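Undergrad: I'd like to ask you about the structure that follows.
Values in this text are rule-based calculations from the coordinates and carry no lab data. Here the structure is a predicted model, which is why all the values come from computation and not from measurement. Cβ placement follows ideal geometry from the backbone for every residue including glycine, while neighbour counts extend to all protein chains displayed.
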Amino acid sequence: MLKYVSLLETRAGGGSRQTGARLKDDGTILIEGHDLGPGVDVFLGAGMTEYEWALSIKPPGVRALKMALACDDDVLAALGQRFSGDASADLQPFLDSNDVPYEFWSRLGE
């Protein structure tokens, strides 16, 4: 079973975007994203050049996620198959539409 999957890693126009998911020892899935460069300002404005965010899905939510993905065991592999590359942007709306509970955190920087 996977412990980490990279969902997105791009570098272009002086910036970068990374998104990955990892399985913590307590069964929580942590999905983290980090965007750097001028694309952040285009998206968020106010001269920002860095954006970090994380979604934390605790074990009861992981069970709901497995059901939504129709996967029995390796949920990180299923996430990688469904939400890699540009499809990574569809992950949070998928969680919301399937009532998968998660905690969200974000930080903006210059």
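Undergrad: Counting pairs of alpha carbon atoms under 8 Å apart in space and at least six apart in sequence, what relative contact order in percent does the chain give?
TA: 28 percent
Undergrad: Helix 59-69 against the longest principal axis of the chain: what's the angle in degrees, Cα atoms only, rounded to the nearest 10?
TA: Helix 59-69 sits roughly 90 degrees off the main axis of the chain.
Undergrad: Of the options 37, 93, 51, report the single residue whose Cα projects farthest towards the positive end of the charge dipole of the chain (beta-carbon charges: Lys, Arg +1; Asp, Glu -1).
TA: Farthest towards the positive end: 93.
Undergrad: Please give the charge dipole size of the chain, origin at the Cα centre, charges +1 on K and R Cβ atoms and -1 on D and E Cβ atoms. Round to the nearest 20 debye.
TA: 200 debye
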